[in-house]
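The values are calculated or read from the model by the stated rules, or taken from the named source; none is laboratory data. Just so you know, these numbers come straight off a predicted model, no measurement behind them. Every residue, glycine as well, gets a Cβ built from its backbone with ideal geometry; the counts of neighbours run over all protein chains shown. Calculation scope for accessible area: heavy atoms of the full protein, side chains included, ligands and nucleic acids excluded. Shrake-Rupley method; radii C 1.70, N 1.55, O 1.52, S 1.80 Å.
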Amino acid sequence: MTTAIVIGATGLVGKALVGQLLDDARFDQVVVLVRRATGRTHAKLTEHLVDFNKPESWSQLVKGDAAFSAMGTTRAQAGSVAAQRIVDYDYQYAFAKAAKQNGVPAFALVSSSGANASSLVAYSKMKGELERDVTALNFERFYVLRPGLLAGEREKSRTGEVFAEAILKGITGLGVLRDWRPIQGAQVARAMVNLVVSKGPSRVVGAGACFTVAAG
Ligand SMILES: NC(=O)c1ccc[n+]([C@@H]2O[C@H](COP(=O)([O-])OP(=O)(O)OC[C@H]3O[C@@H](n4cnc5c(N)ncnc54)[C@H](OP(=O)(O)O)[C@@H]3O)[C@@H](O)[C@H]2O)c1
C-alpha cells in the first residue's frame, strides 16, 4: 500500500501532480489537504478540507509513504511579504514537520530558482529558508525542485507571468539563464513523482534538470 499526501493540490503543479498520482498504479491512495475542494472524485482520492493556520487539527492526517508540497502564493495574491511567507514558509514547514513526526520517509518540495536563505530578495529568501529548514528535518529522502517560471493553463491567468514567459523563452533559447527557462507545471509534477518513485538519494533539481529526471 503506497500512500501519497499532497498540499497545493489545487494549483498548477499540484493539480497535475494529483492527476499523475491517481493514474499511477504504484500509488494506492492519494490524500490531499486543501482549503477548498478540488472538485475531483476518484476511488483512490481522500480529500480533507483543513485550516492551515491550525496544524494541530490536521497534522495527524499527514501519514503515508511520500509527502509532496506544491503550495505557494505571490505577494500580490497574499497582500504583503509577511502574508506570503505564511503560505510559502509557515504552512509548508508545518506540513513537513508533521510528515517527519509521523514517519513519512520521503518529501518532495517545489521551491524556486534562486532560492537562497541569505538572499536580499524576500521571495528567494523564504524559499531558501524553507529548503534549509526542511533539510534539517532529515527525511530519508528529500527532493527539491527549483523551477524558473511555471507555464501551463491556470484557472486565473497571471498577466505578469505570461509576459515573463514570452521574454524568458527568448532569452533562455539563446542558452543563457538556463535555470529560469519556463517549464510546464505538469513536467515539474512528473519530475517529483519520478524522484519519489526512484527512491534515489536526496537531490536538488534545477529547472534545466527537471526536464531530464528519468522515469522511476
Ligand atoms: N508560478 C511560477 O512561475 C513559479 C516559479 C517558480 C516557483 N514557483 C513555486 O512553485 C510552487 C507551485 O506553484 P504554482 O504556480 O503551481 O502555484 P499555484 O498555481 O499558485 O497554486 C498554489 C497552491 O497553493 C495553495 N495556496 C495558496 N495560498 C494558500 C493559502 N493561503 N492557504 C492554503 N493554500 C493556499 C493554492 O490553493 P487555492 O487553490 O485554494 O488558492 C494552490 O493549491 C509554489 O511554491 C511557487 O512559489 C512558482
Note: segment 1-120, point scatterers on Cα, Debye, no solvent; log10 I/I(0) at q = 0.14, 0.16, 0.22 Å⁻¹ equals -0.57, -0.75, -1.35
Solvent-accessible area of Phe139 with every protein chain in place, 1.4 Å probe, in Å² to the nearest 10: 20 Å²
Note the full-extension length gain between His48 and Lys63 as 0.36 nm times their separation in residues minus their Cα-Cα distance, in nm to one decimal. 4.1 nm
Between beta-carbons, use under 15 Å as the cut-off and find the net charge around Asp65, counting Lys and Arg +1, Asp and Glu -1. +3
Using Cα centres only, tell me the gap between segment 33-65 and segment 71-140 in whole Å. 18 Å
Can you give the local net charge around Ala43? Use residues other than it whose beta-carbon is closer than 13 angstrom to its beta-carbon, Lys and Arg +1, Asp and Glu -1. -1
Which angle between 0 and 90 degrees, to the nearest 10, do you get for helix 12-23 versus the longest principal axis of the chain when only C-alpha atoms count? 40 degrees
Between helix 92-101 and the chain, what is the angle of the helix's C-alpha long axis to the longest principal axis, kept within 0 to 90° and rounded to the nearest 10? 40 degrees
Run lengths n ≥ 4 of DSSP H only: what is the helix-derived mean residue ellipticity at 222 nm for the chain, with -39500 (n - 2.57) per run over all residues, to the nearest 500? -11000 deg cm²/dmol
Which one of Ser198, Gly79, Leu109 has its Cα pushed farthest toward the positive end of the charge dipole of the chain, where Lys and Arg give +1 and Asp and Glu give -1 at the Cβ? Gly79
Longest segment of the chain lacking GluC sites (Glu not before Pro) that sit in a DSSP loop with at most 15 other Cβ atoms within 10 Å: 1-139
Which value does Rg/Rh take for the chain over its C-alpha atoms, Rh per Kirkwood? 0.94
Quick one: which of 185-197, 17-29 comes out on top by average Cβ neighbours within 10 Å, and what's the full order, highest first? 185-197, 17-29
Taking a 1.4 Å probe, which of Ser59, Ser111, Ser118 shows the most accessible area, and what order do the others take after it? Ser118, Ser59, Ser111
Net charge near Lys54 (other residues with Cβ under 15 Å of its Cβ; Lys, Arg +1; Asp, Glu -1) is -1
